[in-house]
Each structure stands twice: as structure tokens, then as C-alpha cells.
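Participant: Please read through the structure below; I'll follow up with questions.
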Amino acid sequence: EKGGYPHFMLKEINEEPAAITATVSPRVENSLPELRIPELTDEKLRSIGTVHLVGCGTAMHAGMVGKTAIEALARVPAEVDIASEFRYRDPILKPEDLVIIISQSGETSDTLAALKLAKSRGVPVLAIVNVVGSSIARAADYVMYTYAGPEIAVASTKAYMVQLCVLYLFALRLAYARGQLTEEKTKYYTAQLLHASEVIKPRLADCEQIKYLASRYVNTQSCFFIGRGFDYALSLEGSLKLKEISYVHSDAYAAGELKHGTISLITDGVPVIALATQKNVYEKTISNAKETRSRGARVLLFTTKDAEVPEGVATEVIRLDEYDDILMPLQLIVPLQLFAYYMAVLRGCDVDKPRNLAKSVTVE
Ligand code: F6R
């Protein structure tokens, strides 16, 4: 059942290329993204006010990437909400808004309650769900399924990957419909998105390198992930994955926020995992990494192949291939998932069933 892999989590990470193809290719026609929801016409997309992305845990983190992509590509305001906050906050929703509910299982109680709240306010709800016929899929106005196949490991990996893909498809169609992206640019991004299944294969093949890296950090008590923009969104997810399965305390910060308090926790030997894949803020993140290094941090820097890393900034540098900055999260998440996986394995943890956690949280 694990297809020769020692754990479901590793099997599921390796299923990501197939999940990407299954999720994206049926939604590309004439090289353009198609949402395949008859009611969500281009005209309707042009009239959307604010997009609200709502979910829990990893699904909410996918929403963070979605927000960044929607704002960058379509210039439409987007908000991310934790479902358990959204449902009790009396959120401000306007009839022209769209609520996007994100859930792998489609059964998370807080997420379902958030959906029902949005519907009771008359706001249209689009659900991005993996499990066909689940409660969330049934309650939503529109559904875009992710085709990850069954996800068994408690830690979500391949489902997150394809949640990102669907959010990119949505952001691209929204941008195209609203004239924010030309047809040519839209086709370019769509082709790049389809190509993600190939882009991540070398990252999966790098697993021995990541395992070695994990072996050098296996006794870590506490660590920090930092990044800006898309890299901040990935910091949140990389950090969650690590703590939930390896039981290493970990926190994620927007890189520029560190000096507003957290830097007092940076002492000799504390690992700082710095994500610097975005060209527009590269120098800024590097300079934050340097600040931690000068206070004794061990800096693991994830950046792109051709980025120039100044002397003395990083203890270790992990290089990704060149890929469009906006789509880079699809490539970057793979080594972060593998790092969490190998940390958990080397620390002797029950990788697929971490303590205190359930695959589907049906109580609030
Ligand atoms: C983390 C994880 C959880 C879930 C969260 C939402 O690896 O799996 O954070 O993402 O419980 O679950 P779904 O997506 O089923 O609503």
C-alpha cells in the first residue's frame, strides 16, 4: 500500500508531479486557464470586489500563497482568514466579494462553519477540495477539485501542492479576465504552471542531499524560518510541517519582522532557515539572514541557482533551478517538506501519525 516507500508521507511527496498534472491539465484549453465553472464567467470575475481565502493549518497557508498570487497577477484585493477566526469575527463581506474555502478533507468543522456563514450572508463560495462529495464540496456554490488522490499521512503535502495549483489557475484566469495579463502573458504563466510537474522532479531526486542536511540539524531544539512575500508564505508552511512531525519547536517570521522582537532569541547555533527566492526582495532577506548570522545563527539559505550569495551569510546554501518567481513556491515547498520528513525520521518520530493530531478535524 505504501508502494515501496517506508512512509505514506514520502510516497505522497513523490506523487506530487502526477497530482499537478492531474489537477492542472484538464483545466487548460487553447493554452489558457479554464475554471470549468459555468457561473464564474469572465464578466463575473471582472465584478469581484475582494477575495476572501479561508481554511485551517496547511490549507490556510495555501491561501497565503493564493492571496499573494491574486494580488500580484490580478490586482484584486485578497484577504486570508483562519476559519476559526473568520466564523466568530463577524467578518465584513460584500455581495460582490468571493469567498474561497480551502480544505483537503472537506470535513473540517471550522472551515465548514466559515462556509455556511459566508453563504448565509449571500456571498458566493468557491471551494477548493480534495475529497469528492465531502461536506464542504456539497455545501459550496462552486467546487474546484484538487486531484491529489487519497492523502493518508497526517501531514498534508501533495494536497497543499495542488491547492497552490488551483489557486494559481484561479489567479491567472482572474488576471486575464480583468485585462491585467495579456493573452500572451497568461499563456506563458499557464505553460509554466503545467511545467511545474517537471520542475519539481529534480527536487525530489535531491532527497539524499536533504537527508544529509537534516542529519546535521537533528539535535535542534528550536529554529526559525524567515522570508518575504511568497517566501514568507512558504516559511509558515515549512515551519508547520517541521514542528508537527519532528516535534522541533519552530516559528516563521516575515524576514523584516525579526528585529522587532524575535531576534533576541537568536543565539549561538540556532538554525535560521532563510528563504530567498524572490528577486524583488532578495537583498533585503539576505541582509536579515546576515543579521542572524552575526548573532551566531546557523543559516540554511534556500535560493536560486544563479543568485549571488555574499561571503559569510550562510552556513549552507540549497539551490533551486531558475523558474518564474511567482510560481517558485511550487518548487520551494518540495525541499521544505523533505526536510521536515527526514528530520522526523532521523529523530525516530511516528512520521505518518504524529502525536495528538488527526487527519481530519471534525470538532472545533
Ligand atoms: C498540516 C495539516 C493540517 C490541515 C488542517 C486542515 O499538515 O494537515 O494543518 O491542513 O487541519 O485540514 P483540511 O485541509 O482537511 O481542511
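The values are calculated or read from the model by the stated rules, or taken from the named source; none is laboratory data. All figures in this text were calculated on a predicted structure; none of them were measured in a lab. FYI the Cβ positions are ideal-geometry reconstructions off the backbone, even for glycines, and counts take in every protein chain you see. The area values use the complete protein model at the heavy-atom level, side chains included, leaving out ligands, DNA and RNA. Shrake-Rupley method; radii C 1.70, N 1.55, O 1.52, S 1.80 Å.
Participant: Test of understanding: what is the full-extension gain from Val317 to Glu184, defined as 0.36 nm times their sequence separation minus their Cα-Cα distance?
Facilitator: Stretched fully, the Val317-Glu184 segment lengthens by 44.4 nm.
Participant: Using only the Cα atoms of region 118-209, build the gyration tensor, take square roots of its eigenvalues as a ≥ b ≥ c, and label the shape rounded, prolate or oblate: rounded if a/c is under 1.5, else prolate if a/b is larger than b/c, else oblate. Provide the component values of the computation, followed by the final result.
Facilitator: On the way: a/c = 3.13, a/b = 1.13, b/c = 2.78.
The shape class here is oblate.
Participant: To test your reading of the geometry: what angle, between 0 and 90 degrees and rounded to tens, separates the Cα axis of helix 158-177 from the longest principal axis of the chain?
Facilitator: 50 degrees
Participant: For the chain, what D do you get in µm² per second when you plug the Kirkwood radius from alpha-carbon pairs into Stokes-Einstein at 25 °C and 0.890 mPa s?
Facilitator: Approximately 119 µm²/s, per Stokes-Einstein.
Participant: Could I ask something else about it? I want to verify the translational diffusion coefficient of region 1-152 in µm²/s; compute it with Stokes-Einstein, Rh as the Kirkwood radius over Cα pairs, at 37 °C and 0.692 mPa s. Don't skip to the end; give the middle numbers.
Facilitator: Values: Rh = 16.3 Å.
The estimated diffusion coefficient comes to 202 µm²/s.
Participant: Using a 10 angstrom cutoff on alpha carbons, build the Gaussian network for the chain and name the most mobile of Thr285, Thr21, Thr41.
Facilitator: In the Gaussian network model the winner is Thr41.
Participant: Send over the Kirkwood Rh of region 179-227, from the inverse of the averaged 1/r over different Cα pairs, rounded to one decimal Å.
Facilitator: 14.3 Å
Participant: If one takes the longest principal axis of the Cα atoms in the chain, at what angle in degrees, from 0 to 90 and to the nearest 10, does the Cα axis of helix 282-293 lie?
Facilitator: Long axis of 282-293 versus the principal axis of the chain: about 40 degrees.
Participant: What whole-number value in Å² describes the accessible area per residue of the chain for a 1.4 Å probe?
Facilitator: 40 Å²
Participant: Give the aspartates and glutamates reachable from Lys241 as a straight Cα distance under 18 Å; neighbours fewer than 8 places away on the same chain don't count.
Facilitator: Those aspartates and glutamates meeting the cut-off are Glu12, Glu15, Glu16, Glu151, Asp231, Asp251, Asp350, Asp352.
Participant: Holding the Cα-Cα limit at 23 Å, pick out from Lys158/Lys353; Lys243/Lys305; Lys67/Lys359; Lys119/Lys359; Lys243/Lys353; Lys119/Lys243 the pairs that are longer than that.
Facilitator: With Cα atoms farther than 23 Å apart: Lys243/Lys305; Lys67/Lys359; Lys119/Lys359; Lys119/Lys243.
Participant: Further, regarding this structure: For an R0 of 30 angstrom, estimate the FRET efficiency from the Cβ-Cβ distance between Leu357 and Glu1 and round to the nearest 0.05.
Facilitator: 0.90
Participant: Sticking with this one: Could you give the angle, 0 to 90 degrees to the nearest 10, between helix 230-246's Cα long axis and the longest principal axis of the Cα atoms of the chain?
Facilitator: Tilt relative to the chain: about 70 degrees.
Participant: Give, rounded to the nearest 20 debye, the magnitude of the charge dipole that the chain has about its Cα centre when Lys and Arg contribute +1 at Cβ and Asp and Glu contribute -1 at Cβ.
Facilitator: In debye, rounded to 20, the chain gives about 420.
Participant: How high is the FRET efficiency from Asn280 to Arg75, r the C-beta distance, R0 25 Å, rounded to 0.05?
Facilitator: It comes to 0.95.
Participant: Now for a different question. From the Cα gyration tensor of region 1-89, with a ≥ b ≥ c the square roots of its eigenvalues, which class applies: rounded if a/c is under 1.5, or else prolate if a/b is larger than b/c, or else oblate?
Facilitator: On the way: a/c = 2.69, a/b = 1.34, b/c = 2.01.
Judged from the Cα gyration tensor, region 1-89 comes out oblate (a/c at least 1.5, b/c at or above a/b).
Participant: A follow-up question, please. Going by a ≥ b ≥ c, the root eigenvalues of the Cα gyration tensor, does region 189-307 fall in the rounded group (a/c under 1.5), the prolate group (a/b larger than b/c) or the oblate group?
Facilitator: The shape class here is oblate.
Participant: Here is a further query. Can you list, bin by bin at 10 Å, the percent of alpha carbon pairs in region 230-364, starting at 0?
Facilitator: Spelled out per bin, shortest first, that is 12, 40, 34, 13, 2, 0.
Participant: Putting +1 on Lys and Arg Cβ atoms and -1 on Asp and Glu Cβ atoms, find which of Asn280, Phe339, Thr303 reaches farthest to the positive end of the dipole of region 253-364.
Facilitator: Phe339
Participant: Assign unit charges at the C-beta atoms only (+1 for Lys and Arg, -1 for Asp and Glu), then state the dipole size of region 66-148 relative to its Cα centre in Debye, rounded to the nearest 20.
Facilitator: The dipole magnitude comes to about 140 debye.
Participant: Sorted by packing (mean other beta-carbon atoms within 10 Å per residue), highest first, where do 314-322, 128-136 land? Before the final figure, lay out each step's value.
Facilitator: Numbers: 314-322: 16.7, 128-136: 21.7.
Ranked from most to least packed, the peptides come out as 128-136, 314-322.
Participant: Report relative contact order for the chain in percent, whole number only (criteria: Cα-Cα under 8 Å, sequence separation at least 6).
Facilitator: Values: 723 pairs, mean separation 71.3, N = 364.
This gives 20 percent for the chain.
Participant: In addition: For region 68-190, count all C-alpha to C-alpha pairs, find those more than 23 Å apart, and express that count as a whole percent of the total.
Facilitator: 34 percent
Participant: In whole Å, how far is the Cα centre of region 252-269 from that of region 183-220?
Facilitator: 27 Å
Participant: Right, something else. Under the rule of -39500 (n - 2.57) per DSSP H run of 4 or more residues, summed and divided by the residues of the chain, what mean residue ellipticity at 222 nm is obtained, to the nearest 500 deg cm²/dmol?
Facilitator: It lands at -12500 deg cm²/dmol.
Participant: Just how far, in whole angstrom, is region 138-155 from region 35-109 if you go by their alpha carbon centroids?
Facilitator: Between the Cα centres of region 35-109 and region 138-155 lies a distance of 16 Å.
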